[in-house]
1. Using helices alone, I'd like the mean residue ellipticity at 222 nm for the chain: each DSSP H run of four-plus residues gives -39500 (n - 2.57), total over residue count, nearest 500.
2. Using a simple charge model, +1 on the beta-carbon of Lys and Arg, -1 on the beta-carbon of Asp and Glu, nothing else, what dipole does segment 221-301 show about its Cα centre, in debye to the nearest 20?
3. Using the Cα centre of segment 111-256 as the reference point, and only Cβ charges (+1 on K/R, -1 on D/E), how large is the resulting charge dipole? Debye, rounded to the nearest 20.
4. Heavy atoms only, probe 1.4 Å: what % of the accessible area of segment 202-326 goes to carbon and sulfur, would you let me know?
5. May I ask for log10 I(q)/I(0) of segment 415-471 at q = 0.18 Å⁻¹, from a Debye sum over the Cα atoms as equal point scatterers with solvent left out?
6. Please state, as a whole number in µm²/s, the translational diffusion coefficient that the Stokes-Einstein equation yields for segment 166-210 at 20 °C and 1.002 mPa s, with Rh defined as the Kirkwood radius across alpha carbon pairs.
7. Please work out the average accessible area per residue across segment 149-237, using the 1.4 Å probe convention, and give it in Å².
8. Measuring from a point 7 Å past the Cα of Thr145 along Cα-to-C-beta, which residues in segment 63-101 have an amide N at less than 19 Å?
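The values are calculated or read from the model by the stated rules, or taken from the named source; none is laboratory data. Every value quoted in this text rests on a predicted model; they were computed, and no experiment measured them. Using ideal geometry, Cβ is built from the backbone for each residue, glycine included, and neighbour counts are taken over all protein chains shown. Protein only, heavy atoms only, side chains kept; ligands, DNA and RNA dropped before computing areas. Shrake-Rupley method; radii C 1.70, N 1.55, O 1.52, S 1.80 Å.
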Amino acid sequence: MWARALCVGLLAFTVGLIHHLQPELPEAALQYLSSSLQGLSARGSSSSPSLEEALSAAWDQLITAPSRHWGKVAVGVNACVDVVVSGVGLLQALGLHPESGGDHLVLTSQEELATTFLHYMQRGAAAERFYSDADSFQHISHTATQNPDAKHFVGGNAALIAQRLASHPDMEVLLCGPVGPKLHELLDDRILVPPASLQGQDEYHLILEYKAGEQWGSGHAPAASRFIFSHDLSNGAMTSLEVLLSSLEDFQPKLLVLSGLHMMEGLSQEKRASRLHEAASALSDVPSDILIHLELASMTDGDLMRGIIYQQVFPLISSLGLNEQELLFLTQSANGPHSTLSAWSGVPDVGVVSDILFWILQGSGSEGSGLTRIHFHTLAYHIIATIEGFWGNQVSAVAAGARVAGAQACASETIDPSRVTLKCPLEFSTSQTETGSTARISASEPVAVWRKGGVTFHFTPVLICKDPTRTVGLGDAISAEGLLFSESKTQ
């Protein structure tokens with residue numbers, strides 16, 4: 001900036017000196033010098049676009065629609081009404097003040113709710129738990145809904161994905177899940193809900209949000225996120241799975257999006273194993289021309305995760321969506337790469353993430369896996385990894401997912417560069433288990449692409465909302481948007 005100002009000053013002095021020493025100099029020459037001075041001064045006063053603004057503009061140029069659209073998508077099976085409240089505000093209203101955090105895989109009391117919430121709040125991480133005591137949950141739920149600031153939204157991964165897909169006018173979306181009166185009222189009118197999915201009462205999930213920097217007792221939130229819990233028996237038993245699968249013959253979709261497997265953690269171990277086996281058996285009957293995308297969510301039961309990976313669900317799906325918590329738990333449960341890592345420290349290392357994604361796509365120890373695509377999303381960046389020859393338009397898909405993350409978190413239609421920030425590394429190693437290449441991104445090239453052993457990786461940063469309006473459902477919107485811009489080469 002100072003160099004430009006010096007140049008402007010010197011040019012102005014030169015023009016004045018020339019005019020003084022050479023008054024007979026042609027007027028045209030003086031006008032030319034003066035206009036040059038004005039142009040340089042104007043360029044110096046106008047600010048260059050920020051990196052955030054340049055990245056957003058570059059995405060808009062990169063993102064193109066696939067040559068072939070899905071047309072029809074069937075989605076199931078977890079659906080509910082989300083009651084969104086301030087986590088700290090609700091727990092204080094319940095008279096809870098834990099001194100320290102501690103994780104509980106299943107919540108049995110208000111005290112366990114408070115300590116587990118504090119545990120994840122201190123890490124700025126999202127989590128989801130089952131609350132086993134029906135009477136206690138009803139009391140907490142009543143307290144939450146009485147809060148004047150409580151908001152009701154479409155909830156459940158399946159319903160949220162269906163809602164996002166239905167926002168595109170060229171899509172026909174079928175949703176199968178426990179849809180009660182309130183949820184039916186909140187759903188997009190264009191979403192088809194079969195009569196067998198309608199029920200008299202809604203399932204409620206409580207979403208306890210917290211902001212970056214928020215304090216509660218000894219806890220300090222390094223980032224905005226949320227803690228979700230419920231006493232949800234309909235979704236836990238995946239009661240709508242058979243309705244979903246029986247609807248495929250009449251609806252004839254090209255893509256089936258499945259979610260809600262994590263809700264089975266509320267079942268006993270015996271019932272969980274039986275229901276997972278039934279689900280896998282039913283999914284194996286899905287016609288081969290219908291691709292299946294599985295959306296994972298927060299889980300704590302290693303046996304359930306191993307059951308999903310080995311010979312149960314992974315061999316039947318083509319695409320997978322998950323975040324950093326789910327990815328780490330997956331590799332820990334299956335003793336995969338970097339499984340000794342107990343937790344992420346700050347932004348997940350790109351090389352570590354790509355090592356795990358590569359391992360999953362290479363089969364993750366299961367025979368005959370049909371998985372060919374993974375959409376990984378974390379707060380600071382996204383990666384879509386695909387086996388070569390199966391998917392197209394993934395540059396657009398990963399950019400579209402990142403773009404919707406920055407916009408939806410700020411509750412805006414498009415990204416507002418003044419409201420977002422970049423926390424993603426601009427240069428990074430693509431592997432931590434072997435000598436990998438170094439990848440880079442820039443404002444002119446916001447998507448980095450690299451290849452390894454038949455797998456192609458597409459990486460792009462996320463523009464993080466500085467003051468997010470709502471954090472719930474971002475992962476579902478990201479995965480849905482990525483699927484909308486993806487093109488299968490096998491159909």
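1. Details: 17 runs with 185 residues, N = 491.
So the helix-based figure for the chain works out to -11500 deg cm²/dmol.
2. Details: 5 positive and 11 negative charges, 63 e Å.
So the dipole magnitude of segment 221-301 works out to roughly 300 debye.
3. Values: 9 positive and 19 negative charges, 96 e Å.
Dipole size: approximately 460 debye.
4. Numbers: 2120 of 4570 Å².
Result for segment 202-326: 46 percent of the exposed heavy-atom area is carbon or sulfur.
5. With one equal scatterer per Cα and no solvent, log10 I(q)/I(0) is -0.72.
6. Numbers: Rh = 11.9 Å.
My calculation gives 181 µm²/s for D.
7. On the way: 3670 Å² over 89 residues.
About 41 Å² of surface per residue is accessible.
8. Answer for segment 63-101: 79-87, 90-91, 93-94.
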